[in-house]
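Q: So that we are looking at the same thing, I have put the structure below in structure tokens.
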Amino acid sequence: MKNKYLRYTLIALLIIAAVVVYTQIRKKSSRPEWRTDKPSMGTIREVVTATGSINPFELVEVGTEVSGRIDKIYKDFNDRVRKGELLAKLDTEILSTNLESARLEVNKARLALNKARLDFENYQGLAAKGYAPQYDLQQAEFTFRQAEQTFNNANLALQRAEKNLRNASITSPIDGVIVSREVAAGQTVAASMSSPTLFTIANNLDQMQITANVDEADIGRIKEGMPVEFSVDAYAGEQFMGFVKQIRLKSTTEQNVVSYSVIIDADNPGHKLLPGMTTNVTIITQSKENVLRIPETASRFSPSKEVWELFGLKWEDGMVNEARKQAMEKLMSSIKPPRDKRPDAGPAGKPDRTDKAKAAPSGGMEPGRSGGRPGPFGGGFSGRPAPFGGGSGGISMIWVLKDKTPQLIAVRTGVSDGAFVEVLSELDPKLEIITGVNYKDPSQAPVNSAIQGRPGMGPRF
């Protein structure tokens with residue numbers, strides 16, 4: 001009986017041991033892994049993206065000052081024209097009749113003027129001898145001056161009729177290419193309140209201009225002369241180059257979004273770029289070659305308590321804040337000179353009252369002390385002070401693996417292109433930088449995006 005109970009006990013212990021071993025193996029096999037990357041050397045570009053449309057440098061709309069029927073069209077779409085070359089001609093029958101009538105009016109006014117001049121001269125002679133009253137002399141002079149004015153008006157009408165006849169021949173005002181033809185032979189055009197457009201001519205298709213609409217949040221980063229890359233849907237995968245020529249002051253507002261027009265000059269090799277094409281514009285505001293960089297996700301990663309414990313690590317309240325404080329103090333001590341060599345040191349080594357303000361980043365926060373809004377762990381840095389030495393960077397907290405244990409370090413950062421961020425601090429090229437977590441068991445992944453442990457939630461300031 002005793003051996004029987006002993007056998008059952010051993011069997012139970014073996015089952016328990018097997019369950020424990022199986023549980024541990026399963027737990028270990030389903031444990032997530034750190035997603036890591038290493039520092040690399042490469043190019044980082046800071047850019048502003050926008051959309052725009054292509055237009056020629058100069059686009060002239062050719063119209064007509066006179067009304068009439070289009071008698072003949074001499075030029076068509078895409079034809080090259082020279083300045084003064086005939087494009088079209090209106091029917092001149094009515095215009096020629098008007099010109100002949102104006103000439104007859106001039107002759108009639110000339111005869112009336114000659115008669116009035118003769119009468120005026122005769123009355124002058126008679127009045128000098130006392131044979132004509134002064135009133136008749138004044139009336140003769142008035143008639144002469146009136147005939148003179150009528151003659152001048154007739155001459156102006158003649159000039160107008162001649163000009164209208166000349167305007168019946170539509171000529172090109174510039175050298176260029178006809179982009180659009182709006183009329184056809186036999187069509188009647190009426191130049192009453194405004195001149196109708198007959199042709200649209202582009203002066204030069206070798207050079208084009210892009211009008212890009214840039215959001216007000218990005219316009220301050222754009223300067224004249226900056227290089228530009230752009231693409232068009234007609235040539236997918238091909239990049240065209242240009243540069244910023246002008247930033248126009250007039251703003252436009254659409255659905256409460258304020259934007260400004262940026263004019264970009266670009267070459268047009270092979271005349272591939274056509275007027276009216278939509279472009280995807282990339283304005284390069286900063287570019288640095290062969291710089292030390294890390295993934296942008298590394299600067300945004302920060303683990304949560306849940307993630308920490310999934311790796312079997314011990315979580316303590318306040319440890320992240322303490323790690324941040326130590327990382328900041330270590331970084332600050334590495335970028336500022338010793339206390340006794342700084343020009344702001346007080347006499348006899350006494351601390352200067354401005355030391356804390358000068359030691360802190362330009363955002364006004366001391367290392368290790370929270371400022372502004374609380375961070376995701378109830379303290380630490382949540383703002384982003386101006387970087388050391390200018391630029392668009394600052395200081396980032398990144399998690400690295402040392403002896404398979406995550407540690408927090410602070411690094412100075414510079415230009416970022418959204419995928420990579422420049423590192424101004426010294427980093428070991430073999431350093432394993434944590435960028436996220438790979439979950440083998442999908443049920444372990446956090447559902448709420450507010451839970452730390454995946455990219456996008458860590459502090460960068």
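None of the figures in this text is laboratory data; all of them are computed from the coordinates on show. This one's a predicted model, so the numbers in the text were calculated from it and none came from an experiment. FYI the Cβ positions are ideal-geometry reconstructions off the backbone, even for glycines, and counts take in every protein chain you see.
Q: Hey, for a label at Thr211 modelled as a point 7 Å past Cα toward Cβ, could you say which residues of region 258-296 have their backbone N under 11 Å away?
A: In region 258-296, the label zone of Thr211 (backbone N under 11 Å from the point 7 Å along Cα→Cβ) covers 261-263, 276.
Q: Also, quick follow-up: Which aspartates and glutamates have a Cα less than 15 Å from the Cα of Lys402, not counting those fewer than 8 places away in the same chain?
A: Excluding near neighbours in sequence, the set is Glu33, Asp37, Asp428, Glu432.
Q: May I pose another question? Quote the relative contact order of region 246-311 in percent (integer), defining contacts as alpha-carbon pairs under 8 Å separated by 6+ residues.
A: After rounding, I find 18 percent.
Q: Same structure again: Evaluate the distance, in nm, between pseudo-label points positioned 7 Å from the Cα of Glu182 and of Ala132 along their respective Cα→Cβ axes.
A: Placing both labels 7 Å along Cα→Cβ, they lie 5.8 nm apart.
Q: Filter the cross-link list Lys83/Lys163; Lys115/Lys163; Lys38/Lys288; Lys288/Lys325; Lys89/Lys250 down to pairs whose alpha-carbon distance in this structure exceeds 28 Å.
A: Too far apart for the 28 Å limit: Lys115/Lys163; Lys288/Lys325; Lys89/Lys250.
Q: What are the residues whose amide H is under 5 Å from the amide H of Phe420, where those residues sit 5 or more places off or on another chain and H is modelled from the backbone?
A: HN-HN under 5 Å from Phe420: Glu296.
Q: Let me ask you something else. R0 = 35 Å: FRET efficiency of Lys115 with Ile94, Cβ-based, nearest 0.05?
A: Once the sixth-power term is evaluated, E becomes 0.60.
Q: Please order Met397, Met241 by the number of other Cβ within 10 Å, starting at the fewest.
A: Ranked by crowding around the Cβ, least crowded first: Met241, Met397.
Q: Moving to a separate point now. Using a cut-off of 13 Å between beta-carbons, work out the net charge of the residues near Gly242 (Lys and Arg +1, Asp and Glu -1, Gly242 not included).
A: Within the 13 Å Cβ shell, the charges total -3.
Q: If Lys and Arg each add +1 and Asp and Glu each add -1, what is the summed charge of the other residues whose beta carbon sits under 14 Å from the beta carbon of Asn122?
A: Summing Lys and Arg as +1 and Asp and Glu as -1 gives -1.
Q: About its Cα centre, how strong a charge dipole does region 165-282 have in debye, to the nearest 20, once Lys and Arg get +1 and Asp and Glu get -1 at the Cβ?
A: For region 165-282, the charge dipole is close to 440 debye.
Q: What is the local net charge at Phe199, summed over the other residues whose Cβ is closer than 12 Å to its Cβ (Lys, Arg +1; Asp, Glu -1)?
A: My count for the surroundings of Phe199 gives -3.
Q: Something else about it: Can you give me the long-range amide H partners of Ile395? Hydrogens built in the peptide plane at 1.01 Å from N, cutoff under 5 Å, separation of 5 or more residues or another chain.
A: HN-HN under 5 Å from Ile395: Thr413, Phe461.
Q: Sort 152-158, 208-214 by packing, meaning the average of other beta carbons within 10 Å per residue, with the highest value first.
A: 208-214, 152-158
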